[in-house]
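Before any comments, here is the structure.
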Amino acid sequence: MPFDEVLWYVQAPGDTKPGTNVQVDSGDGDTTTMSYTFPEGIRGAYRIRAEIWRNDGTGYWEYYTVDVAD
């Protein structure tokens with residue numbers, strides 16, 4: 001089922017908050033992408049969360065981990 005909206009969040013290493021919303025992808029789509037520039041000086045495992053909302057109002061979450069090193 002196509003998505004209506006995808007909200008992308010990034011949680012920095014050691015951050016206990018749910019993450020910062022960095023991008024919203026709206027529209028009836030089957031694929032989504034996000035772009036994010038990791039800040040200088042903060043290395044480690046970043047957690048990326050995609051909140052995927054469908055046209056019928058149901059939603060689900062996908063999680064990814066990106067390890068940033070020098």
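A short reminder: the numbers here are calculations on the coordinates, not readings from a lab. What you see is a predicted model; the values in this text were computed from it and never measured. Note that we place each Cβ from the backbone using ideal geometry, even for glycine, and neighbour counts take in every protein chain shown.
Some notes on this structure:
- Relative contact order of the chain, taken over Cα pairs closer than 8 Å and 6 or more residues apart, is 36 percent.
- Under Karplus coefficients 6.51, -1.76 and 1.60, residue-wise ³J(HN,Hα) of the range 43-54 in Hz, glycine/proline x: 9, x, 8, 8, 9, 10, 10, 10, 8, 10, 10, 8
- Full-extension gain in nm, residue 47 to residue 69, via 0.36 nm per residue minus C-alpha separation: 6.5 nm
- Three-way shape label, the chain, alpha-carbon gyration tensor, a/c 1.5: prolate
- Sorting 43-55, 12-24 by average packing, meaning the other beta carbons within 10 Å per residue, from highest down gives 43-55, 12-24.
- Local electrostatic count at residue 46 - Lys and Arg +1, Asp and Glu -1, tallied over other residues with Cβ under 15 Å: -1
- Calculated FRET efficiency for the pair residue 55/residue 21, C-beta based, R₀ 30 Å, to 0.05: 0.90
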